[in-house]
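Quick notes on the structure that follows.
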Amino acid sequence: MQTRLHHPELWARVEQQAVDTPAIYGDFDFSATPERFTTDPSGDGTTGFEEMIPKLMADDELIEMMAAYTYMGDPVADAYASRMKDFGFRALIDMLQTACDKDLSAVPDAPPELVAFIEALEARPEWVDMDLVREGARVERNQYAHLVPFAIRGAFLATFMNRYSALPMALTGALSDKLAARRVHETATFFTLTVIPGALERHGAAFKAAAMVRLMHSMVRYNVMQRDGIWDKKIYGIPIPQVDQMPAGQIGSFLIAFQAMREGREEFTAEERARIEIARYRCFLLGLPEPLLGETPRTITRLMLARQATLRSAFDDETCGALVRGTMNTQLSHDRSPSGRIDRELERGFSKAFFIRQFLQGDTRRAAAMGIHYTLRDRVLALGAAGRIYSRLGLYKLLAEIPVVRGAADRRLVGKLNRLLKRYGHAEFVSDGASYRANHG
């Protein structure tokens, strides 16, 4: 069992989950280390940083913290989700949406768990610099308008590279192409909303979306932990622990930190710092605690690598391969116009290239083994997409540096983002237990 010497208060909060939310954690053994956690890393997810891994694994305090957060869900959202037996699936969603759109006073007889959930979202921590968050949103609008629509599928695939962390997606029915498309669009919707002006404020659309994402994750925990035969706690621990939310919330920060360290920098530039700050605030809204959110290139890199190193390597075709293929094969756009068809082909080629380069270190044979075949045609499409993407990124970056046109260029980006949100469609951010399938892994 992992030693518990350095973080007694954190371990106490971990074990308190069984007391506060017995419907989810009542019979969970917090004294046992699940199979998913390892102190003998295989190298998966840490390629390129091999020299750092021995030092990371020798840091007992860091590794113990990763172990503790492997057991940690989302206490306030979990408590609210556990009221499903009293209110039902739809009522919980409706009450949360009303509280986000209006206020708690608009929810008659709001359950105390909803009050605590909303108050936790509203409790903006002192370390957040909202001016820097807004600047980060302005900087990132260019990326979300021009790069993200072509890269989101490839980035999403990275979440399926390990069966221990990917299994919840498989259980919720995401193996189907249709649901895979919905999950990709919901992910794109959430992150795109966060860079829309005002969306991260108390009654903004991104604030509400973060609350819905947290409830969706807690509903997954409630549903899988309530049922026999679909979740092996000794192997997988708890579904969607805090450490498994780090990649989605921090992948952009990690890539920025990686580039800074490769250039020998220990500090971020002003623009990078703004992008890091909006990522940190997104993560706060999604329920991640401050200790998992680094501020410097080195701390961000260390935290992410520690997460990767302590997650036991495991890729299986039934879970991971099926999720990868389902996500790559699904059709994200149904625009039948000539430009829509061209964009669809460019996106698929670029997504493959992005995934293989960023997450497989360029290993096309490994990609093929997963069912992603990177053909000559894909290479041509990826190059064409890259030329278009980076020319537009460069143009709008230049315009942002010219005071007389900066405002107009930013308004145009906001218009592009709003059109993208319409294309992504309405995001429900829900997990209906009726769609779950048994675990055959």
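The values are calculated or read from the model by the stated rules, or taken from the named source; none is laboratory data. The model shown is predicted, which means the values in this text are computed figures rather than measured ones. Counting neighbours? That spans all protein chains shown, and the Cβs are built from the backbone with ideal geometry, glycine included. Please note that ligands, DNA and RNA were not included when accessible areas were found on the heavy atoms of the full protein model with its side chains. Shrake-Rupley method; radii C 1.70, N 1.55, O 1.52, S 1.80 Å.
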Spatially proximal aspartates and glutamates relative to Lys416 (Cα-Cα < 19 Å; intrachain offsets below 8 disregarded)
Glu135, Glu140, Glu186, Asp335, Asp343, Glu347
Run the paramagnetic zone check for Leu5: 7 angstrom along Cα to Cβ, then residues of the stretch 49-63 with backbone nitrogen under 18 Å.
55-63
In the stretch 1-82, which GluC sites (Glu not before Pro) are in a loop and have at most 13 other Cβ atoms within 10 Å, using DSSP for the loop call?
Glu50, Glu51
I'd like the accessible area for Lys397: 1.4 Å probe, protein heavy atoms, all chains in place, Å² to the nearest 10.
90
Count the net charge of all other residues whose Cβ sits under 10 Å from the Cβ of Pro125, scoring Lys and Arg as +1 and Asp and Glu as -1.
0
Cut-off under 14 Å on the C-alpha distance; same-chain residues fewer than 8 positions from Lys234 excluded. Which aspartates and glutamates are left, in chain and number order?
Asp27, Asp29, Glu35
Provide the per-residue ³J(HN,Hα) series for the stretch 195-202, in order, calculated from phi with Karplus coefficients 6.51, -1.76, 1.60 and θ = phi - 60°, each as a whole number of Hz, with x at glycine and proline positions.
9, 6, x, x, 6, 8, 6, 3
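Given a 1.4 angstrom probe, what's the average accessible area per residue across the chain, in square angstrom?
43
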Compare Gly425, Gly136, Gly154 in a GNM of the chain, Cα atoms joined below 10 Å, and give the one with the largest fluctuation.
Gly425
Most fluctuating of Thr192, Thr364, Thr319 in the GNM of the chain (C-alpha, under 10 Å) is Thr364
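Which GluC sites (Glu not before Pro) in the stretch 235-287 pass both tests, a DSSP loop state and at most 14 other beta-carbon atoms within 10 Å?
Glu263, Glu266, Glu267
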In square nanometres, what is one fourth of the surface area of the convex hull spanned by the alpha carbons of the stretch 48-146?
11.1
Rounded to the nearest 500, the 222 nm mean residue ellipticity computed for the chain from DSSP H runs (n ≥ 4, each -39500 (n - 2.57)) alone is -20000 deg cm²/dmol
Rg/Rg_globular for the chain, with Rg_globular taken as 2.2 N^0.38 Å and Rg from C-alpha atoms:
0.95
Are there trypsin sites (Lys or Arg not before Pro) in the stretch 69-105 that DSSP puts in a loop and that have at most 15 other Cβ atoms within 10 Å, and which ones?
Lys102
Carbon and sulfur atoms: what percent of the 1.4 Å accessible area of the stretch 220-366 do they account for?
48
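Given a cut-off of 32 Å, name the pairs among Lys85/Lys352; Lys233/Lys422; Lys85/Lys233 whose C-alpha atoms lie farther apart than that in the structure shown. Let's see the in-between values first.
Numbers: Lys85/Lys352 42 Å; Lys233/Lys422 40 Å; Lys85/Lys233 22 Å.
Table pairs above 32 Å Cα-Cα are Lys85/Lys352; Lys233/Lys422.
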